[in-house]
Amino acid sequence: MRANIHYAASFIILSVYGGQVCPFIDGLDLVTWTGYMVVVFIAMFATRAMIFPRLVLASPEDRQVFRTFATELGLFFIAAIGVTLFNFLWHHFPIGSGLKAMTGFMTLGFFAAVDLALETEWRVAMEMAAQRKTIAVAGQRIFPMANRFALMAMVAVSMVVVVLFLLINKDMEWLGAMPGDSDKSRLIVLGEMALVGHIFLAHLINIILSYKRNLRLFFGLQNGALAAVAEGDLGAQAPVSSRDEFGVMGEFTNIMISTLRERTMEIHRTRDVTIFSLATLAETRDNETGGHILRTQNYVRALAMALREHQKYGDELTDEAIDLLHKSAPLHDIGKVGVPDAILLKPGKLTVEEFAIMKLHAGYGHEAIVKAERALGAGENSFLRYARQITHGHHEKWDGSGYPQGLKGEAIALSARLMAVADVYDALISKRVYKEAFTHQTAKDIIQQGRGTHFDPEVVDAFITVEQEFVRIATEFADSKHEG
């Protein structure tokens, strides 16, 4: 559509005002000259339709902008040569007339070529952004957009000056040939100058707006990638579709994001290994096994995934929150490192005094994590927040009869309420020195009996929804597969 507008506008301008620049063309009647222009522009348009898909659209993205410019300007140049030769051979017009015609063609062709190249640049950038594709910039020749704009402006102004000079020169000759001092003649000349000036002004404004659109797009793509990274999306990528300042910015932005992603992944791996190592260390002093860590953290994930379908928890249980819950769950019993072996490893039932000491493990774990948060300067959104909540609250009960604080209902952190079901379920289905393993159905019945007293009713409902997932997890991470 944009090309059609440029070709139609150029046809009208050259048909009507070609003779205003060259007196020889002005000597032809309007019908004859317009007929010539019809043939020329039909040939140009047909040629463009044949070669544009092959020369431009089928070429690599990084070459399409230049090829668009070269193709459009080349068509106008060939047309100008054709018109000049035709007038020279058929009408015996002098070379000066041909140069004036070429100036008109090339000026309009230059404006069309620049604008259509800018449209191609915009289209390529949009397509590459949608497809997440980039071109190589490092080691390649860079042609800054600022230089391109300056070069375009200088050429455009030069062509406008030349055309206006030719027009003024022709009008002065015409006025000199007019008898007397005709105010009407001067008004005609002024009107003609104003119209031609407005035509050039419209072309220049159109190109400036095209540059503005492309600049807005490039800045928007860069800022979009940076905004995504600022929000935690390290999979974002700045599209690189041009070898200019924006291409360099995009490439360095992507290098920065890639480096940040690698370092963040390394930090996460270190964090995960540290958590698992600490949790495993705590488990080595307990009657429980390493498989308990893997099972309970996967139970917590399954419960959270089911519970977030509840309208009440949809905003809280985001993908990131569930991942942090999964990673933090292994630390739920880290406080047991502070419990004496005589109590922690006792095969029989604990006395009241011994159980009172055992219950202190929730406080020990909570205190250790609070100290870690202070030392790290971790904010409220740190993964340690979930570890702190789970460690301190997974033995609290919905009716307030739990420990260590005797919290009730939703005063207990959601992460701890999830862990309570996961921890009890795994304790029930696991064999211990003081008991045999219960079946899934028995464990399910016990948890249902604790609905509204021991456990959050909504978490129990979520457990019923994903009970088969619990069975699968228990089988996959059975103790026999994770001993040692």
Selection over the range 322-340 where residues are surrounded by fewer than 20 Cβ atoms within 10 Å (Cβ to Cβ) and small (G, A, S) yields a count of 1
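Residues are listed down the side, and each one gets a yes or a no for (1) touching a residue at least 40 places away in the same chain (Cβ under 8 Å); (2) in a helix (DSSP H, G or I):
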| position | (1), (2) |
| --- | --- |
| M102 | no, yes |
| F110 | yes, yes |
| E119 | yes, yes |
| M126 | yes, yes |
| F143 | yes, no |
If we ask which residues in the range 215-243 are under 14 Å from W122 (Cα atoms) and buried (at least 18 other Cβ atoms within 10 Å of the Cβ), their number turns out to be 8
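For (1) modelled with pLDDT of 85 or more; (2) within 26 Å of L217 (Cβ to Cβ); (3) more than 27 Å from the chain's Cα centre (by Cα); (4) part of a helix (DSSP H, G or I), each residue gets a yes or a no:
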site: V137; (1), (2), (3), (4): no, yes, no, no
site: L151; (1), (2), (3), (4): yes, yes, yes, yes
site: F165; (1), (2), (3), (4): no, no, yes, yes
site: K170; (1), (2), (3), (4): no, no, yes, yes
site: E173; (1), (2), (3), (4): no, no, yes, yes
site: K184; (1), (2), (3), (4): no, no, yes, yes
site: L187; (1), (2), (3), (4): no, no, yes, yes
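How about the range 54-68: which of its residues are under 29 Å from the mean Cα position of the chain (by Cα) and in a helix (DSSP H, G or I)? Talk me through it step by step, then tell me what you get.
First, the residues of the range 54-68 that are under 29 Å from the mean Cα position of the chain (by Cα): 56-68.
Selection gives V56, L57, E61, D62, R63, Q64, V65, F66, R67, T68.
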Can you find a residue that is touching a residue at least 60 places away in the same chain (Cβ under 8 Å), under 18 Å from T391 (Cβ atoms), assigned by TED's automatic domain parsing to the domain that holds V466 and not charged (D, E, K, R) anywhere in the range 301-309? yes
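Output yes when any residue across the range 318-339 is farther than 22 Å from V421 by Cα and not in a helix (DSSP H, G or I), and no when none is.
To start, the set of residues in the range 318-339 that are farther than 22 Å from V421 by Cα comprises 337-339.
Of the ones still in play, those that are also not in a helix (DSSP H, G or I) are 339.
Looking through the range 318-339, at least one residue is farther than 22 Å from V421 by Cα and not in a helix (DSSP H, G or I).
How many residues are of a type in the set (S, T, Y) and in contact (Cβ under 8 Å) with a residue 40 or more places away in the chain if we restrict to the range 205-258? Quick ask: steps written out before the conclusion?
At the first step, the residues of the range 205-258 found to be of a type in the set (S, T, Y) are 210-211, 241-242, 253, 258.
Those still in the list that are in contact (Cβ under 8 Å) with a residue 40 or more places away in the chain too: 210-211, 241-242.
Here the count works out to 4.
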Expected single match for surrounded by fewer than 20 Cβ atoms within 10 Å (Cβ to Cβ) and among the aromatic types (F, W, Y) among F86, F111 is F86
Selection from the range 340-363 of residues among the aliphatic types (A, V, I, L, M) and assigned to a loop (DSSP other than H, G, I, E, B) yields L345, L350
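Does A362 meet the test of being touching a Gly at 6+ places or on another chain (Cβ under 7 Å) and in contact (Cβ under 8 Å) with a residue 40 or more places away in the chain? Please lay out each step first, then the result.
Values: touching a Gly at 6+ places or on another chain (Cβ under 7 Å): yes; in contact (Cβ under 8 Å) with a residue 40 or more places away in the chain: yes.
Yes: the conditions hold for A362.
How do the helices (runs of 4 or more DSSP H) wholly within the range 372-476 filter down when requiring 1 or more residues that are surrounded by fewer than 22 Cβ atoms within 10 Å (Cβ to Cβ), in the same structural domain as V300 (by TED's automatic domain parsing) and touching a residue at least 40 places away in the same chain (Cβ under 8 Å): which remain?
On the way: elements: 383-393, 414-429, 440-449, 457-465, 467-476.
In the range 372-476, the matching helices (runs of 4 or more DSSP H) lie at 383-393, 414-429, 457-465, 467-476.
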Q. Do we find a residue being over 22 Å from V160 (Cβ atoms) and either modelled with pLDDT of 90 or more or surrounded by fewer than 19 Cβ atoms within 10 Å (Cβ to Cβ) (or both) anywhere in the range 93-105?
A. yes
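Determine, yes or no, whether V157 is of a type in the set (V, I, T), in the same structural domain as H6 (by TED's automatic domain parsing) and closer than 22 Å to N4 by Cβ.
Numbers: of a type in the set (V, I, T): yes; in the same structural domain as H6 (by TED's automatic domain parsing): yes; closer than 22 Å to N4 by Cβ: no.
Here the answer is no, as V157 does not meet what is asked.
On the basis of being outside the structural domain of T107 (by TED's automatic domain parsing) and modelled with pLDDT of 90 or more, does T259 make the cut? It would help to see each step written out before you state the result.
Working: outside the structural domain of T107 (by TED's automatic domain parsing): yes; modelled with pLDDT of 90 or more: yes.
So T259 fits the description; yes.
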Going through the range 244-276 in order, the residues found to be surrounded by fewer than 19 Cβ atoms within 10 Å (Cβ to Cβ) and of a type in the set (V, I, T) are V248, I255, T259, T264, I267, T270, V273, T274
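The values are calculated or read from the model by the stated rules, or taken from the named source; none is laboratory data. The structure displayed is predicted, hence computed values, not measured ones. Don't worry about glycine lacking a Cβ; one is built from the backbone with ideal geometry, like all the others, and counts go over all protein chains shown.
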